[in-house]
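Engineer: Starting off with a structure, shown below.
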Amino acid sequence: MSKESDDRREVKVLTREKLDLRQLVKAPEVGPSVVGRSIVRTDAMLKVTGRLDFGADYLQDGFLHGKILRSSHPHALIKSINTKKAKELPGVAAVLTAESVPGRNGFGAIIPDQPVICGDKVRFVGDAVALVAAETEKIAHQALELIEVEYDPLPPVFDPREALKEDAPKIHEKGNLLSYNKLRKGDMEKGFAQADVILERTYQVPFLDHAYLEPDICMAIPKADGTMLVEGPMQAPFTVRRNVNAVLGVPINKVRVRQIPMGGGFGGKEDSPIDLGCRAAVLAYHTRRPVRIALEREEITLQTSKRHPMIMQIKIGAKKDGTLVAFEGVIYDEQGAYASMGPVIPPAGGSHIHAMVMMPGPYEIPNVKVDAYLCYTNHPYGGAMRGFGAPQVHVAHEQIMDELAEALNINPIDIRRKNGFREDSATATGQVLEQSVGLHDTLEVCTRAFDWDRRYQETGYVDEGKTKRRGIGIGLGWYRTSIGTNNDACGANVYVHEDGSVLLYTGITEMGQGSFTVLPQICAEELGVRMEDVRLVQPDTDVVPESGPTVGSRSTTLMGNAIILAARQVKESILEMASEMLMVPMDRLESRDRRIYDRDNSGKSLEFREVAARCMAKGKRLIGQGWWAPPPPTLDPETGQGNPYFVYTYSTHMAEVVVDMETGEVEVTDYVAAFDVGKAINPKAVEGQIEGGVAMGLGYALMEEVALEGGYIQNLNLKNYLIPTSLDVPDIEPIIVEVENRFGPYGAKGIGEMPNLPATPAILNAIANACGGRVRTLPADPERVFWAIKEAERAVR
Amino acid sequence: MKPSAFEYFTASTVAEAISLLERYEDEAKIIAGGQSLVPMMNFRVAQPEVLIDINGIKELDYIRQEDDEIVIGALTRERDLELSPLVQEKCPILAEAISLIGHASIRTRGTIGGSLVHADPAAEIPLTIYGLDAKMKVVGPSGERTLEPEEFFLSYLTTSLEPLEILVEVRIPVLPQKTGWSFVELTRRRGDFYIVAVASILFMEKGGVCKEARICLGGVGPTSIRAEEAEEILAGQVITDELIEKAGQKAAEAADPESDYHASAEYRRDMTRVFVQRGLAEARNRAKGG
């Protein structure tokens, strides 16, 4: 065991059996196993020393530079395009318009409704009307300026509720309603009749940009054999391949997609590599030369997907003691110009239906009704962004729970204790949660660590001048592992070599979340070798089995299971061989830390590599392939009843803020977040996810917003699109709780997206607790908090 | 984006820099810390054909006291001023204001001269200089001249510097003992350009009477302004809470802010009041030695 590779800084890990609230800190057991240890990320040194090559660092020799001419209108017909002058510019290799697309002129993660190059009309200002490839980026820029486009502007639609009106301009031929979904449980009339208190509230959230650090880049390289190689940072190489092959009009095996190091994705690099991959490939197809498209920051903001804005209306009813009796919700979910990740993939895939399912929160409510409308508009399009429809509804359900608690004069933690999911609770979709429900464990641990009860008494002014008030807030959260479609399988290959070293092939990508560390950990554990014996092969669609996209917090759990199955095939072959060599029955053999030994007589052992070498010589299997799919999802399209996702991660966040009562400025001063992750394969990596997620949720609460005016984005770069810096984020105390998931590898379940969900409402609730005003339209920037305070003051008078 | 193509020269003396300016005239831009110029070039807001790098002119990097003045070379880094014991003692408002510029890495490169000639109405140094009777020494082919803030700053991003002139030195009078001062600002996020900033200076006489007040407002119009009517309320008075309240209201009336997606005009105006009141209260406490 190489000690250098262990990160031994303290991480709190609590298993349910050992859950002892008086002693929160428990060092992970240090044993011979690989799983459960905070192994330093495999990419850490390369990244912190700057030695890892990202796409922008790749040699550009021989490449043409691709550029995109975008629409100047949010909604218009294209009357004519004249590319003559641009084509004549020396150094220009190609200027392409819609008719140049060799295959299907459309791409999309779910529905191919977005043109590679728009021919007849444009639907938002990020739409492509022409593509250019030139010898230099500068010439490509000049060529864009020489293209003349005549538009016939159409009336635009910017509000999902307007889009639904009968006389609204149609953005797509089939109309503006992309999806209408409903959830029906119990009897609403009876439910509200039982209520002592009924509250109705509307919450609204804006478009958000992912603001990943690394600008998008894509390289398309035509090979002599007619294959198109597409390389770039991407979360879903197989989805990119599926689109590029259709756009080029060639079979799947004529497109090869390789993921290269990725500087952040957060869901955004699920969509944009499809867009850039198709466009770069079309340019490469026509010029027969390698083409690279590297987006500038402003182009990323203009062109790529965003987090969906939503208008969320809730009517909630409860008894005096806080028991929830009825929940009625309406979601106006703004899709923007193209379908992207919004629409439903039956039974429960796509961000829209996910939002609907999650809207009532992690609470047992007997009577629930949700109507969810997904509408096209002439804005940028909504795609996947860390939480996939769930961050929005968490903003709504966690705030209304606090508003309800206030109306009933109940402590916010008590109303959650009363209604929160437990084992065997039924969700709004009627799913009975049979296992791995650690919500209350996180609530109790967090309450203790944060010292909620004391702090709840100590809110109020913090300064002599009486300008600043302290407040605390809570946010509960739940999030699925998996994507809710019938197409959610992962494949992995494990290849052991004669010296005991291992190659691991998976299609799961690394975007900073740590998969390239956690997946080899699982592989090493299962084979009984060391972490450093496993090298993970960079995802390449020619080489690795189809793994689906790296989304839905599914990688560790689904791929982890596939790796275990693959590794077991090889291990079985190795143990068989070892059994022959040691003359010990196979079921007594153990493979651990590079040795295979007799459990009853540990003196009798072989080195793993000796056995592997013998297998090689004898022609015994050294390659394993594993496939794993979660239990199949169900969801009735009429009632929204069923088991959409097979397991959920639960958490509780608590935040302390100080609000300046005269200016509305908010400072988040303290933070505790507890998560039930089933099993932390790498506790330090889980901690990293929690801290990063909280920072992201803080940005959603306090400052992030794509500012739109007449369809045009006002804050195209990171000077004006504000994301939190280290100065805005408090110390975060993460606590890991382990309530085993019996479907997960070693009991694990997903953590990737989860941590930003409860953070936003926890901070919003703390603001309300501090200042008495509530911000229901995000972000809660100083001015919005200022007006909320004024409104609250007026209400008191 | 990337900047458009430019030629690059280095100068190691002021004379050398001026002769380069004479050669390229208004095609050339001086680069010192580059903390504003380089982003502007990357956005193509500025497209100089020639850059003259004056970072090698070591003779322009100094902070010293001469009689009753602090004398600062134009190439002095903001971080050095922020941490200078001399500035902290003799002109603490400048050190305080500078500490609020962007982030430490920006202040480590950014220079006082660069900030002044850039004349951004949302920048801390120009706003502070407005209240300080500072003198800017500029040098050109025909010699040197000295300008006061009112002469130096013309409007948004514009100074009275001639194309062939370079700012070489800033002279700031030492603040008398017991002078009250404060620099307060409101930002949407830490380290950002301010929405509203207020620099306040209270020159005191015996008996706790304010001889003269200076209130400089930033972010509420196209240039920094002095809230003169608010200043008059305080001059010759023992400063009470009531007077501070009144001065804040007067200052807010003087403000002429615009709305954008960061903040509405209405909010900016009210924040002018709040920050003038807070700034004056803090300045008064300092004047009392509190």
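Engineer: For helix B:241-254, what angle does its Cα long axis make with the longest principal axis of chain B, in degrees from 0 to 90 and rounded to 10?
Structural biologist: Helix B:241-254 sits roughly 40 degrees off the main axis of chain B.
Engineer: Taking the beta-carbon count within 10 Å as an exposure proxy, list A:586, B:271 from fewest neighbours to most. Please report the intermediate quantities before stating the final value.
Structural biologist: Values: A:586 13, B:271 30.
Ascending Cβ contact count within 10 Å gives the list A:586, B:271.
Engineer: Taking the mean number of other Cβ atoms within 10 Å as a proxy for protection, how do you rank B:231-239, B:249-257 from highest to lowest? Don't skip to the end; give the middle numbers.
Structural biologist: Details: B:231-239: 17.9, B:249-257: 20.0.
Packing order, densest peptide first, comes out as B:249-257, B:231-239.
Engineer: Do any of A:79/A:719; A:719/B:29; A:468/B:250 go past 30 Å between their Cα atoms, and which?
Structural biologist: Values: A:79/A:719 36 Å; A:719/B:29 23 Å; A:468/B:250 24 Å.
Over 30 Å apart, Cα to Cα: A:79/A:719.
Engineer: Something else about it: Normalised by the residues of segment A:633-785, what does the relative contact order come to in percent, with Cα pairs under 8 Å and at least six apart? Numbers along the way, then the final one.
Structural biologist: Working: 273 pairs, mean separation 52.0, N = 153.
Once normalised by length, the contact order is 34 percent.
Engineer: Please work out how much length the chain gains when fully extended from residue A:46 to residue A:201, using 0.36 nm per residue of separation minus the C-alpha to C-alpha distance, in nm with one decimal. Don't skip to the end; give the middle numbers.
Structural biologist: Working: separation 155, 0.36 × 155 = 55.80 nm, distance 4.90 nm.
Gain on extension, residue A:46 to residue A:201, equals 50.9 nm.
Engineer: Where in segment A:449-479 are there trypsin sites (Lys or Arg not before Pro) that are in a DSSP coil and have at most 14 other Cβ atoms within 10 angstrom of their Cβ? Walk me through the numbers on the way to the answer.
Structural biologist: Values: sites: A:454, A:455, A:466, A:468, A:469, A:470; in loops: A:466.
For trypsin sites (Lys or Arg not before Pro) across segment A:449-479 that sit outside H, G, I, E and B with at most 14 neighbouring Cβ atoms in 10 Å, the list reads A:466.
Engineer: With the contact rule set at Cα under 8 Å and sequence spacing of 6 or more, what percent relative contact order holds for chain A? Each step should come with its number before you reach the end.
Structural biologist: Values: 2114 pairs, mean separation 126.0, N = 797.
Reported as a whole number, the value is 16 percent.
Engineer: If each residue's Cβ is checked for other Cβ atoms within 10 Å, how do B:267, B:156 rank with the fewest at the top? Intermediate results must be reported in sequence, preceding the final value.
Structural biologist: Details: B:267 23, B:156 12.
Placing the least packed residue first, the sequence is B:156, B:267.
Engineer: Check each of the trypsin sites (Lys or Arg not before Pro) in segment A:570-610 and keep only those in coil by DSSP with at most 14 other C-beta atoms within 10 angstrom; list them in order.
Structural biologist: Working: sites: A:571, A:588, A:592, A:594, A:595, A:599, A:604, A:609; in loops: A:594, A:599.
Those that pass, being in a loop and sparsely packed, are A:599.
Engineer: Expressed as an acute angle from 0 to 90° and rounded to the nearest 10, what is the orientation of the C-alpha long axis of helix B:14-24 relative to the principal long axis of chain B?
Structural biologist: For helix B:14-24, the angle is close to 70 degrees.
Engineer: I need two numbers for segment B:156-228: Rg to one decimal and Dmax as a whole number, Cα atoms only, in Å.
Structural biologist: 15.9, 49
Engineer: Where in chain A are the DSSP H helices whose alpha-carbon span along the long axis reaches 24 Å or more and whose Kyte-Doolittle mean is at least 0.0? Don't skip to the end; give the middle numbers.
Structural biologist: Working: long enough: A:268-287 (29 Å, -0.16); A:390-408 (26 Å, 0.03); A:560-582 (31 Å, 0.53); A:683-702 (28 Å, 0.43).
Helices passing the filter in chain A: A:390-408, A:560-582, A:683-702.
Engineer: Something else now. So what is the 222 nm mean residue ellipticity for chain A from helices alone, if each DSSP H run of at least 4 adds -39500 (n - 2.57) and you divide by all residues, rounding to the nearest 500 deg cm²/dmol?
Structural biologist: Computed ellipticity for chain A at 222 nm equals -8500 deg cm²/dmol.
Engineer: Still on this structure, I have one more. Fewest to most neighbouring Cβ within 10 Å: what's the order for A:478, A:452, A:787? Don't skip to the end; give the middle numbers.
Structural biologist: On the way: A:478 25, A:452 20, A:787 16.
The order, fewest Cβ neighbours first, is A:787, A:452, A:478.
Engineer: If you add up the charges near residue A:691, with Lys and Arg at +1 and Asp and Glu at -1, over every other residue whose beta carbon is less than 10 angstrom from its beta carbon, what do you get? All intermediate terms of the calculation are to be shown ahead of the outcome.
Structural biologist: On the way: positive: none; negative: A:687, A:731, A:733.
So the environment of residue A:691 carries a net charge of -3.
Engineer: Here's something else I'd like to know. Which is the longest run of chain A containing none of the GluC sites (Glu not before Pro) found in DSSP loop states (not H, G, I, E, B) with at most 15 other C-beta atoms within 10 Å?
Structural biologist: Numbers: sites that count: A:10, A:17, A:29, A:135, A:166, A:173, A:423, A:434, A:458, A:464, A:498, A:546, A:638.
Counting at most 15 other Cβ atoms within 10 Å as exposed, the longest clean stretch of chain A is A:174-422.
Engineer: Just report the Cα centroid separation between segment B:242-257 and segment A:717-754, whole Å.
Structural biologist: Taking the Cα centre of each part, segment B:242-257 and segment A:717-754 sit 45 Å apart.
Values quoted throughout were computed directly from the atomic coordinates according to the rules given, and no laboratory measurement underlies them. Since we're looking at a predicted model, the values are computed, not measured. Please note: Cβ atoms are built from the backbone with ideal geometry, for glycine as well, and neighbour counts cover all protein chains shown.
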